[in-house]
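S.K.: Shown below is the structure under consideration.
The values are calculated or read from the model by the stated rules, or taken from the named source; none is laboratory data. Model, not experiment: these values are computed from the prediction. Methodologically, a virtual Cβ is constructed for each residue, glycine included, from the backbone with ideal geometry; neighbour enumeration extends over all protein chains shown. SASA here: full protein model, heavy atoms, side chains in, ligands and nucleic acids out. Shrake-Rupley method; radii C 1.70, N 1.55, O 1.52, S 1.80 Å.
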Amino acid sequence: MSPRPPAAATPRLALTGISKAYPTVVANDGIDLVVLPGEIHAVLGENGAGKSTLMKIIYGVTKADAGEIAWNGEPVRIDNPAQARRLGIGMVFQQFSLFETLTVAENIALAVEDSRDLDALARRIEEVSARYGIPLDPKQLVHSQSVGERQRVEIVRCLLQKPELVIMDEPTSVLAPQAVRKLFETLRLLAREGCSILYISHRLDEIKELCDSATILRGGKVTGTVDPRDESASSLARMMIGKALPVFAHGEADEGGEERLVVAGLTRKADTQFGTDLDDIHLSVRSGEIVGIAGISGNGQQELLAALSGERTSREASEIHFGGRQVGRLGAAARRDLGLVFVPEERLGRGAVANMSLADNALLTAHRLNMVRFGLIRFGEVRSFADRCVDRFNVICGGVEADAKSLSGGNLQKFIVGREFLQEPRIVVAAQPTWGVDVGAAAAIRQALIEMRGAGVAVLVISEDLDELFEICDRIAVIAKGRLSPAKRTSETSIEEIGLWMSGLFPEGPATPAEASGVG
Amino acid sequence: MWVKLEPRAEPSRAMIYVSPLLAAGLTLATGFVVFTVLGFDPLAAFHAFFVAPIDDLYGWGELGLKVAPLSLCAMGLAVGFRANVWNIGAEGQLTLGAICGGGLALAFPDTESAWLLPGMIAAGVVGGMAWAAIPAFLKTHFNANEILVSLMLTYVAALFLSYLVFGPWRDPQGFGFPETRQFQDAATLPIVLDGTRLHAGMPIALAVLALGWVFMMRSFLGYQIRVAGLAGGAAQYAGFSHKRMVWIGLLAGGGAAGIAGVGEAAGPIGQLLPSISPGYGFAAIIVAFVGRLHPVGILLASMLMALLYLGGEAAQMNLGLPSAVTGVFQGTLLFFLLASDVLINFRLRVVRRAPGRVAPTERAT
Amino acid sequence: MTGLETTVAILVSILGAGTPLVFAALGELIAERSGVLNLGVEGMMLVGAVCGFIAAAETGSPVAAVIVGVLAGAGMALIFGVLTLTLMANQVATGLALTIFGIGVSAYIGIDYTSVALPSISPVHIPGLSDLPLIGPLLFSLDPLIYLSFAALAGVSWFLYRSRAGLVLRGVGESPESAHAIGYPVIRIRYAAVLFGGAMAGLGGVYLSVAYTPMWVEGMTAGRGWIALALVVFATWRPARVLIGAYLFGGVTIVQFHLQGAGVEVAPQLLSMLPYLATIAVLVVISRDINTIRLNSPASLGKTYHPDAH
């Protein structure tokens, strides 16, 4: 990257009045944004505030309905990502835009225009990764990489184009705390070289630590442009959600409950190369407690969830017990009959059928509540249950006949949580229960989990959000490379320790100290 | 200025019903144009193709004669299609149904028992199901693509029927023609409408459609099939067995097609010939889609499809057009349906120029 | 004929029987690599076959036959493309419609040509080499379209694994979302792949009606389009293995002819089942290894993609 003059009056990027409406929602409504050269500029907002849409507009993935973009003082029109890259805009996507069956070098070649010679490209990749401290093997296939490694591919791909502006969309959501430190060092180095960075996040502490300025979005509009170092977490939160962040009442754990969910030596080869093998997993969840499993995604969470829910059965019945009963060989329906409910990570297509009504979606798992007689559906029962669910969990929707896909992420998640919890379960398994939902819905869902605990249910939460786990869990374990750490009392551990464990460094964990010193 | 597709906020419920009508209308309009281009008086040709075949009771009987196998096959296929099980071998399953049902009649040449016909229908169901069970088994145990397997089996079934009527089952008194002996009366479906050839296959088809409606729309198993088709992940999540859905989807298709096969052999044909169906099993795929995989829709769509068959025959006799015209119309009908279905989730908007323009602006500081 | 000559004759006829499958399967392979499943191969082959045949009958030129057949196949594929790519119709249903339509249309436009005879295409003798024993007749005096099928295989392999455009195509088939996000015109690329698939299916059809048989009979492909689809799975989406599979099926077809000719005591109908049963057997053997299928099949295969769908 060539040295540039110090921050002058000309902004690197200036947006004026950017608007974008989708059929159901106005994602961006007259947004102004100015990024100076060499500045790390945060775009802060909760899920659904319009951050991602705005970034896609800057990168040419999505077209704005109205508004103007100036690049280094010149008005420009960005029709597609290739054009954005030619201008010098790079982007690291939250949901990576990578091709799993291709190698790292091939993935990068697809985005770098002058890359006929893969060997020469591999050398350039090694150069950039050495310079910015981002280790990467160009010949590796992406599907065999961890999420953190995939992010590094995205970052190197972006840096190879010598960008003047890098957009990072929620980059830390897939990283362990130690890896976040490393990433911040890389970003600061980039900024010192004159590259501007647009940093999208909803994490207040990170923004206060890293960023020079921040633009805050709420409901598609700008609610403030500030220097985050001068603000408190609560003042930022007020701009972001219009009120203070909710706090939870969380009583002492009842440690005398019976062992309700026990996993004893669960070992499983993954179905395909794309998966993770589970290796001798031991776990116990008592009634009346919430146990959390932390970990970076892709470390065996999907496989563990499938094994617990019964979607993949075990060969050994004794690998999983529900309240003393061996259930390893029972399928999902049989385990639900025994009092298990499950809140999956994917809402549409898994927790709910997008093109079915809420009532029909209630039937999906709640049919056990007397909704079927002689093999025929009792539609009255179904509707009244769905109504109850909508009422009790304050689901905002156009009635129970509305299609699941017409709901916002937060409201649909509340409906799914409600449907599961109203079945009076004995065991709750929840995967990323508040992922991608707005703050209000997240608070309601966490409160509901705590109420389940209060009712004597055994609750297991698998999440990548450490803050969430520390907020609601009584004990926390970590999954790394298909192995599960011992569970520690939340009061006796720290984010630092759990973060270290996430890279595999726990008693009998999969990593040696040397391996773990790399980025997680 | 051009026309742009714009996503709708909500799928249009009206378009779900309008689209098949639109497709039928566009197909008829295409027919009009094609006849004109071919140098026929379009109105006369149109009349000969679409009106004349059903301007008397006998014609309606002939229509029903074709509606029965089409709607039977389509109803069975629809169960599978709802579960994303792509059985396209109904033609072969129909053939096996005819072979098994007809075989029973041939095995008991002297029986005049009233049980023979129900036995033949049962044998037809079993035959069709057995043929459909092959792709089901290969799908659930070896992950083999049911589209290709069921289709390959259609060719095998046709060859098998041909082998039987040319070989072991050939009528010794048939002067060497490749055909079995004529079935006795007890093995022939009774006529239900005097003055026509419409036989008991039609009421059976209606009963199957009614059963299909209850199964798909009111039963929990039908619900599970719909979930499996709309979101496989959700079905797995809820613990609905995928293998079971594959089996039900294929067996329903095979069983219904088997009945249709018996209906042909024990109905208008009254014996087994090297070819037992003019492609009902394939046309039923179109019927199922145009009928929106819904029993009522299937009944209406199979009437339209039957009319295309009758029109094709009439055109062959009266206009000298090859009967292949029917196939052209069938394909066109499905094309138009698939095209107009885009309007369920999208609307058309006339755009003057590219959106998202960025005009020159003052330098922002 | 000596035993050796008989063997060579059989091998040459296997090449001939496999060639339409090579063309059609290579075309479908490219379409599927872009993520589009076109079940209309049978229909495209038939329309290509009849159009090529008519062109040959009217002009007497095999070159004209090839050009017309290829264009006809591509034209059919264009219908498929408009429906599935622009109008986002279900690919399975549209492919079936294309086949039904193709069967009808080809029967209709070929009605006056069913009893027309074409002169057979003379093989290309490569001077010097074609006189070599065994490999001379086997490799150096074949009809020109067989050489074209070898070239097509080499071209498709080079394109997929050596060219940048091939890398882009694989990327689009693997993840259209990612390809769109980094700026590739997914729909346009898929159109190109689908049209190539149609053109190659058309070519396979022309080979059947103009070189292999040569005559036009209604429905003369007899399921070869479907077998080509199965071959793509058999080949686990890798071009070189298409060739192996195609000749395997060519072999089954030819063996069945020879058994019939040799007076084997089995009804001809039962022998004719062999290619279809072999297809099923091959599908079963390949598909049971889910890992290989998942690793090699384009991840977005058969799924509708639209950049504006939110």
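S.K.: Which of the residues spanning the range B:146-176 are within 15 Å of B:Ile269 (Cα to Cα) and either open to solvent by 50 Å² or more (accessible area, probe 1.4 Å) or touching a helix residue (DSSP H, G or I) at 6+ places or on another chain (Cβ under 8 Å) (or both)?
M.R.: Once the filter is applied, which keeps residues that are within 15 Å of B:Ile269 (Cα to Cα) and either open to solvent by 50 Å² or more (accessible area, probe 1.4 Å) or touching a helix residue (DSSP H, G or I) at 6+ places or on another chain (Cβ under 8 Å) (or both), the range B:146-176 yields only B:Leu161.
S.K.: Which ones in the range B:11-45 are touching a Gly at 6+ places or on another chain (Cβ under 9 Å) and open to solvent by 50 Å² or more (accessible area, probe 1.4 Å)?
M.R.: Once the filter is applied, which keeps residues that are touching a Gly at 6+ places or on another chain (Cβ under 9 Å) and open to solvent by 50 Å² or more (accessible area, probe 1.4 Å), the range B:11-45 yields only B:Tyr17.
S.K.: Which residue, of B:Gly253, B:Gly263, is within 17 Å of B:Leu63 (Cα to Cα) and buried (at least 22 other Cβ atoms within 10 Å of the Cβ)?
M.R.: B:Gly263
S.K.: Here is a further query. Please go through the range A:68-114 and pick out each residue that is part of a strand (DSSP E or B) and either away from chain B (no Cβ under 14 Å) or touching a helix residue (DSSP H, G or I) at 6+ places or on another chain (Cβ under 8 Å) (or both).
M.R.: Residues satisfying the conditions are A:Ile69, A:Trp71, A:Val76, A:Ile89, A:Gly90, A:Met91, A:Val92, A:Thr103.
S.K.: On to the next question. State yes or no: is B:Pro274 of a type outside the set (Asp, Glu), modelled with pLDDT of 90 or more and not in a helix (DSSP H, G or I)?
M.R.: Considered against the rule, which asks whether it is of a type outside the set (Asp, Glu), modelled with pLDDT of 90 or more and not in a helix (DSSP H, G or I), B:Pro274 comes out as yes.
S.K.: Can you tell me which residue is surrounded by the most Cβ atoms within 10 Å (Cβ to Cβ) among those in the range B:104-125 that are in contact with a Gly (Cβ under 7 Å, 6 or more places away or on another chain) and aliphatic (A, V, I, L, M)?
M.R.: For the range B:104-125, the residue satisfying everything is B:Met120.
S.K.: Would you point out the residue of the range A:443-492, among those that are farther than 20 Å from A:Gly410 by Cα and among the β-branched types (Val, Ile, Thr), that is surrounded by the most Cβ atoms within 10 Å (Cβ to Cβ)?
M.R.: A:Val478
S.K.: Count, please, the residues in the range B:4-18 that happen to be within 11 Å of another protein chain (Cβ to nearest Cβ) and either outside any helix (DSSP H, G or I) or in contact with a helix residue (DSSP H, G or I) (Cβ under 8 Å, 6 or more places away or on another chain) (or both).
M.R.: Qualifying residue count, the range B:4-18: 8.
S.K.: Determine, yes or no, whether A:Asn394 is more than 14 Å from every other protein chain (Cβ to nearest Cβ), surrounded by fewer than 17 Cβ atoms within 10 Å (Cβ to Cβ) and of a type outside the set (Asp, Glu).
M.R.: yes
S.K.: Further question on the same structure: Taking only the range A:35-59 into account, find how many residues are surrounded by fewer than 21 Cβ atoms within 10 Å (Cβ to Cβ) and within 12 Å of chain B (Cβ to nearest Cβ).
M.R.: Residues in the range A:35-59 being surrounded by fewer than 21 Cβ atoms within 10 Å (Cβ to Cβ) and within 12 Å of chain B (Cβ to nearest Cβ): 1 in total.
S.K.: Looking at (1) assigned to a strand (DSSP E or B); (2) more than 23 Å from A:Ile18 (Cα to Cα), which is the only condition A:Thr225 fails?
M.R.: (2)
S.K.: I'd like to check something: does the range C:272-283 contain any residue that is open to solvent by 70 Å² or more (accessible area, probe 1.4 Å), under 26 Å from C:Leu39 (Cα atoms), among the aliphatic types (A, V, I, L, M) and within 7 Å of another protein chain (Cβ to nearest Cβ)?
M.R.: yes
S.K.: Here is a list of conditions, (1) of a type in the set (Ser, Thr, Tyr); (2) closer than 18 Å to A:Leu198 by Cα; (3) more than 10 Å from chain B (Cβ to nearest Cβ), and A:Thr62 meets all of them except one; can you say which number that is?
M.R.: (3) is the only condition that A:Thr62 fails.
S.K.: A further question on this structure: Given C:Arg188, C:Arg224, which one is within 21 Å of C:Leu11 (Cβ to Cβ), within 14 Å of another protein chain (Cβ to nearest Cβ) and of a type outside the set (A, V, I, L, M)?
M.R.: C:Arg224
S.K.: Taking A:Glu149 as the residue in question, decide whether it is under 26 Å from A:Leu469 (Cβ atoms), open to solvent by 20 Å² or more (accessible area, probe 1.4 Å) and not aliphatic (A, V, I, L, M).
M.R.: yes
S.K.: Among the numbered criteria (1) touching a Pro at 6+ places or on another chain (Cβ under 6 Å); (2) open to solvent by 10 Å² or more (accessible area, probe 1.4 Å); (3) away from chain A (no Cβ under 14 Å), which one does C:Gly183 miss?
M.R.: Exception for C:Gly183: condition (3).
S.K.: Continuing with this model, one more query. Modelled with pLDDT of 85 or more, assigned to a helix (DSSP H, G or I) and more than 10 Å from every other protein chain (Cβ to nearest Cβ) - does that describe any residue in the range C:126-136?
M.R.: no
S.K.: Also, quick follow-up: Which of the strands (runs of 3 or more DSSP E) contained wholly in the range A:246-359 include at least 1 residues that are open to solvent by 30 Å² or more (accessible area, probe 1.4 Å) and away from chain B (no Cβ under 14 Å)?
M.R.: It comes to A:259-268, A:278-286, A:320-322.
S.K.: If you check A:Lys488, A:Lys481, which single one turns out to be basic (Lys, Arg) and within 22 Å of A:Ser173 (Cβ to Cβ)?
M.R.: A:Lys481
S.K.: While we're looking at this one, here's another question. Is it the case, given these coordinates, that A:Ser384 is open to solvent by 20 Å² or more (accessible area, probe 1.4 Å), within 30 Å of B:Val214 (Cα to Cα) and more than 13 Å from every other protein chain (Cβ to nearest Cβ)?
M.R.: yes
S.K.: So which residues in the range C:66-90 are open to solvent by less than 20 Å² (accessible area, probe 1.4 Å) and within 10 Å of another protein chain (Cβ to nearest Cβ)?
M.R.: Listed by number, the residues that qualify are C:Phe80, C:Leu83, C:Thr84, C:Ala89.
S.K.: While we're here: Can you name every residue in the range C:99-108 that is in contact (Cβ under 8 Å) with a residue 40 or more places away in the chain and either more than 23 Å from C:Ala55 (Cα to Cα) or within 7 Å of another protein chain (Cβ to nearest Cβ) (or both)?
M.R.: Correct list: C:Ile100, C:Phe101, C:Ile103, C:Val105, C:Ala107.
S.K.: Here is a follow-up. Do we have any residue at all in the range B:167-180 that's part of a helix (DSSP H, G or I) and over 23 Å from the mean Cα position of the chain (by Cα)?
M.R.: no
S.K.: Restricting attention to the range C:247-271, report how many residues are within 11 Å of chain B (Cβ to nearest Cβ) and open to solvent by less than 50 Å² (accessible area, probe 1.4 Å).
M.R.: 3
S.K.: Out of the residues in the range B:314-344 meeting the condition of being under 17 Å from B:Gly291 (Cβ atoms) and in contact with a Gly (Cβ under 7 Å, 6 or more places away or on another chain), tell me which one is surrounded by the fewest Cβ atoms within 10 Å (Cβ to Cβ).
M.R.: B:Gly331
S.K.: Filter the range B:189-224 down to the residues that are of a type in the set (Val, Ile, Thr) and either part of a helix (DSSP H, G or I) or touching a strand residue (DSSP E or B) at 6+ places or on another chain (Cβ under 8 Å) (or both) and list them by number.
M.R.: B:Ile191, B:Val192, B:Ile204, B:Val208, B:Val214
S.K.: Moving on. Can you tell me which residue is nearest to A:Ala264 (Cα to Cα) among those in the range A:360-369 that are within 11 Å of chain B (Cβ to nearest Cβ) and either in a loop (DSSP other than H, G, I, E, B) or open to solvent by less than 10 Å² (accessible area, probe 1.4 Å) (or both)?
M.R.: So the residue we want is A:Thr365.
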